[in-house]
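The structure under discussion appears below in the form of structure tokens.
The values are calculated or read from the model by the stated rules, or taken from the named source; none is laboratory data. On a predicted model such as this, the values are computed, not experimentally measured, just so you know. Here the Cβ positions follow ideal geometry from the backbone for every residue, glycine too, while neighbour counts run over all protein chains shown. Just so you know, the surface numbers come from the protein's heavy atoms only, side chains and all, with ligands and any DNA or RNA stripped out. Shrake-Rupley method; radii C 1.70, N 1.55, O 1.52, S 1.80 Å.
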Amino acid sequence: MSALEIRNLTVSYGDSPVLEDLTLEVPEGSFVSLVGPSGCGKSTLLRTIAGLLTPVNGEIYVFGRPVDGPSPEIGFLFQEDALLPWRTVGENVALGLRFRGVPWAQAAQMVEEWLQRVGLHASRSSYPHELSGGMKKRASLAQVLAAHPRILLMDEPFASLDAIVRNILEADFLDLVREENLTALLVTHDLEEAIALSERVALMSAGPRARIRQVYDVPFPYPRDLIRVRSDPAFGRLLQQIWSDLEEEVLRMGWEVVRH
């Protein structure tokens, strides 16, 4: 069964087309990463799936039902942490539950469970300014997952973290996604991150009028060691293939490609 099905989607800002005739299918329980040139509309696609933007044409289906606005089955993890500075970690994690009308006693129990799972139980009374970048990201993740979405959309959620914290958090995050049987769609500019985390990588073409150029299968079964998998020769071959295709799209946009 498809958790997410996008058919011939066209999205514009005013008279300026961003996406045109874009089609993508994401099977239930799968992890797909979305890559492409900067400005091609990756974030626009996520916001349209989430029901925050209205397409000009085309359809989006979530578990067979058309998207006509925000859905409780979809969680969204943004690049910037959506934590209210005047609320504690526990209160922030409870926000989504309270907005959905979950009684406080039940919400408190669910918050405690998720704080344990993301390693923040001891910090439940702390405020966001007292947390490190990695701890803020864990709190944001708990805030989204506590509401039990079935689909998780992510827009560069780990981009601001240093390499060590990022690697640790990615591994913990992938474990949670697999444990919860979530369907995940990740936007990232990091091709290594896309391959390491995903079952498939979808490459968007250059904009405007971007669409899905190609979808690549990632040949590594779960569970994965995210450090060791990067040393596999197949990882390097796939990275080179996606990079070569991405480079063509970047050049189509008239940008100079920096070669290392």
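Considering GLU73, GLU5, which residue is among the charged types (D, E, K, R) and without any contact (Cβ under 8 Å) to a residue 60 or more places away in the chain?
None of the other options fit; the residue is GLU5.
Given the options SER71, SER38, name the one that is in contact with a His (Cβ under 8 Å, 6 or more places away or on another chain) and in a loop (DSSP other than H, G, I, E, B).
SER38
Could you go through segment 25-46 and let me know if any residue there is more than 28 Å from GLU192 (Cα to Cα) and touching a residue at least 12 places away in the same chain (Cβ under 8 Å).
No: zero hits.
Can you say whether TYR222 is in contact (Cβ under 8 Å) with a residue 40 or more places away in the chain and either out of contact with any Pro (no Cβ under 9 Å at 6 or more places or on another chain) or part of a helix (DSSP H, G or I) (or both), as far as the supplied structure shows?
yes
Go through segment 64-81 and give me each residue that's surrounded by fewer than 11 Cβ atoms within 10 Å (Cβ to Cβ) and at pLDDT 90 or above.
Of everything in segment 64-81, those that are surrounded by fewer than 11 Cβ atoms within 10 Å (Cβ to Cβ) and at pLDDT 90 or above turn out to be GLY64, ARG65, PRO66.
Taking only segment 82-94 into account, find how many residues are open to solvent by 50 Å² or more (accessible area, probe 1.4 Å) and more than 11 Å from VAL144 (Cβ to Cβ).
Qualifying residue count, segment 82-94: 5.
Of these, LEU176, LEU197, LEU203, which one is open to solvent by less than 10 Å² (accessible area, probe 1.4 Å) and under 21 Å from LEU145 (Cβ atoms)?
Result: LEU197 is the single residue among LEU176, LEU197, LEU203 that is open to solvent by less than 10 Å² (accessible area, probe 1.4 Å) and under 21 Å from LEU145 (Cβ atoms).
Within segment 2-19, can you find the residues that are under 9 Å from GLY58 (Cα atoms) and open to solvent by 50 Å² or more (accessible area, probe 1.4 Å)?
ARG7, ASN8
Failed condition for ALA105, given (1) more than 22 Å from ASP172 (Cα to Cα); (2) at pLDDT 90 or above, with all others met?
(2) is the only condition that ALA105 fails.
When only residues in segment 95-118 that are open to solvent by 90 Å² or more (accessible area, probe 1.4 Å) and either among the basic types (Lys, Arg) or touching a helix residue (DSSP H, G or I) at 6+ places or on another chain (Cβ under 7 Å) (or both) count, which is farthest from HIS129 (Cα to Cα)?
Once the filter is applied, the top-ranked residue is ARG100.
ASP245 is checked against (1) open to solvent by 30 Å² or more (accessible area, probe 1.4 Å); (2) farther than 20 Å from ALA171 by Cβ and fails just one. What number does that condition carry?
All conditions are met except number (1).
Please work out which residue is surrounded by the fewest Cβ atoms within 10 Å (Cβ to Cβ), limiting yourself to segment 140-173 and to residues that are within 13 Å of the chain's Cα centre (by Cα) and aliphatic (A, V, I, L, M).
ALA159
Does segment 120-139 hold any residues that are assigned to a helix (DSSP H, G or I) and open to solvent by less than 80 Å² (accessible area, probe 1.4 Å), and which are they?
HIS121, SER123, PRO128, GLY133, GLY134, MET135, LYS136, LYS137, ARG138, ALA139
From the residues in segment 85-102 that are part of a helix (DSSP H, G or I) and among the charged types (D, E, K, R), which one is modelled with the lowest pLDDT?
The selected residue is ARG98.
What is the number of the single condition among (1) among the hydroxyl-bearing types (Ser, Thr, Tyr); (2) part of a strand (DSSP E or B); (3) over 23 Å from LEU45 (Cβ atoms) that TYR216 does not meet?
All conditions are met except number (3).
So, PHE31, is that one among the aromatic types (Phe, Trp, Tyr), buried (at least 16 other Cβ atoms within 10 Å of the Cβ) and either closer than 12 Å to MET204 by Cβ or touching an Asp or Glu at 6+ places or on another chain (Cβ under 8 Å) (or both) or not?
Considered against the rule, which asks whether it is among the aromatic types (Phe, Trp, Tyr), buried (at least 16 other Cβ atoms within 10 Å of the Cβ) and either closer than 12 Å to MET204 by Cβ or touching an Asp or Glu at 6+ places or on another chain (Cβ under 8 Å) (or both), PHE31 comes out as yes.
If you check GLY101, GLY133, GLY119, GLY96, which single one turns out to be closer than 18 Å to GLY51 by Cα and without any contact (Cβ under 8 Å) to a residue 60 or more places away in the chain?
Exactly one residue qualifies, and that residue is GLY96.
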